[in-house]
Structure formats: C-alpha cells, structure tokens
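Reviewing the structure listed below.
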Amino acid sequence: MYYELRAEDTVRLPPSMLVMKLKDAITKILREKYERRIFRERGIIVAIEDVETSEQGSVIPGDGGIYYKVKFNAYSFLPHINEVYQGQIRETVEFGAFASIGPLDGLIHISQIGNEKFFYDKKTKNLSTKRGRGLKKGDKVTVKVSTVSLKSTTSDTKIGLTMRTEGLGVENWQSEKKEIKKAAKAKKAEAKK
C-alpha cells in the first residue's frame with residue numbers, strides 16, 4: 001500500500017549548490033537522502049514532493065554550508081500480508097517467477113503459482129502445466145502477498161507472493177475459467193433435455 005507522510009528535517013546546503021534555486025537544491029538533497037531507502041516501519045520511499053524551506057538558514061563557524069529546516073511530503077510503499085496487487089512477471093526461473101508489485105519485486109514460488117503442478121522449460125524459459133496453462137515473462141498477474149521481510153536494501157528485501165487463491169493468476173486464466181464453467185453449464189443443460 002502507498003502512504004503519504006509529512007516529515008521534517010534539517011538539511012545542509014553545501015557551498016557548491018548555492019548557485020541553484022534554494023527549493024531545487026533542497027529538493028535534490030532530500031531526494032538523494034531518502035528516495036529508494038527502506039525504513040522498516042514506513043517501507044520504501046518512492047518520492048519526495050512539496051518541499052517547504054525556512055526563509056533563513058543557520059551558519060556554523062568553520063562550515064561553509066548553510067543549514068535549513070525543511071518540511072516535505074514523502075510517499076512510501078509498504079506491502080502487507082494478504083494485500084492483493086496487479087503485477088507483471090519480470091522473470092521466470094526453475095523455482096518460480098518474480099513479479100513486480102509497485103517499486104518492489106516478489107517471488108511466486110513454483111508451488112504457489114496454481115493448484116496444478118508447473119514445470120520449467122529451459123528452452124522457452126517459461127513455466128507451464130501438462131494441460132497447457134503457462135506463465136511467462138511479461139504476463140500481467142493478480143497476486144496476493146504471503147510474506148514480507150523488509151531489510152535495509154531492495155536486494156535484501158524478500159516478498160513472497162501467491163496465485164493459488166481463487167481469482168488470482170494470469171489475466172487470461174480468469175477468462176478460461178469462465179469459458180469452462182459456461183461449457184459445463186451448457187453440457188448439464190443438454191444432459192437434462
């Protein structure tokens with residue numbers, strides 16, 4: 001889920017940035033400091049906006065920089081267990097698939113793709129069942145978060161996803177299910193006649 005946070009900080013404006021407009025320089029510093037960082041209780045900061053700077057800064061003797069008190073909005077993404085997301089498959093591997101959900105990627109273990117058994121094809125680099133249902137790079141999927149382990153970097157952060165629940169999976173799987181149910185109803189109606 002995405003959150004909007006109002007935050008305050010004190011920013012040191014170095015002498016090299018004094019030629020820039022104050023708000024642009026402060027915004028640049030805040031973005032470098034916070035964006036793409038992960039905070040355990042707030043999630044990953046994806047954007048810094050609406051920066052408000054105090055009119056006057058403070059100077060410390062012997063330091064060439066100027067210190068400004070600032071207020072700003074930070075937008076963060078923090079996934080929670082059982083949240084459902086629309087994502088896209090980034091990569092398929094022997095043990096499952098990686099799907100993007102917001103700014104992070106999560107793993108759909110091969111056992112969590114569906115109720116059928118999936119196999120990895122090394123030639124096509126796709127996952128598929130014996131009945132022909134498949135999962136490949138670029139597929140749009142609906143997934144549910146099953147585990148979240150936020151660490152200090154995105155590469156260390158682990159998110160587990162599942163598509164086993166009814167209504168989840170690749171977009172075209174839902175239309176296949178509807179067609180199968182429709183055919184089954186028609187077959188029952190035909191049998192009753």
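Taken together, the values in this text are just the output of simple stated rules run on the coordinates, not laboratory data. Quantities reported herein were computed from a predicted structural model and do not represent experimental measurements. Virtual Cβ from ideal backbone geometry, glycine too; neighbours counted across all protein chains shown.
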Taking segment 1-23, which residues are out of contact with any strand residue (DSSP E or B) (no Cβ under 9 Å at 6 or more places or on another chain), assigned to a helix (DSSP H, G or I) and not aliphatic (A, V, I, L, M)? Ser16
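Filter segment 7-54 down to residues that are small (Gly, Ala, Ser) and on the phi < 0 side of the Ramachandran plot and give me whichever is nearest to the chain's Cα centre (by Cα).
Applying the first criterion (small (Gly, Ala, Ser)) to segment 7-54 yields 7, 16, 25, 43, 47, 54.
From what's left, on the phi < 0 side of the Ramachandran plot: 7, 16, 25, 47, 54.
Values: Ala7: 22, Ser16: 35, Ala25: 28, Ala47: 14, Ser54: 34 Å.
Here the residue is Ala47.
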For Leu127: the one exception among (1) touching a Lys or Arg at 6+ places or on another chain (Cβ under 8 Å); (2) free of Cβ contacts under 8 Å to residues at least 24 places away in the same chain; (3) not acidic (Asp, Glu): (2)
Please indicate, with yes or no, whether at least one residue in segment 71-81 is more than 25 Å from Ile48 (Cβ to Cβ) and under 17 Å from the mean Cα position of the chain (by Cα). yes
By residue number, the members of segment 109-136 that are closer than 13 Å to Glu94 by Cα, assigned to a loop (DSSP other than H, G, I, E, B) and in contact with an Asp or Glu (Cβ under 9 Å, 6 or more places away or on another chain) are Lys122, Lys125
Condition first: surrounded by fewer than 12 Cβ atoms within 10 Å (Cβ to Cβ) and assigned to a strand (DSSP E or B). Can you find one or more residues in segment 53-72 that meet it? yes
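Yes or no: segment 37-46 includes at least one residue that is within 30 Å of Lys137 (Cβ to Cβ), surrounded by 13 or more Cβ atoms within 10 Å (Cβ to Cβ) and touching an Asp or Glu at 6+ places or on another chain (Cβ under 8 Å).
Yes - at least one qualifying residue is present in segment 37-46.
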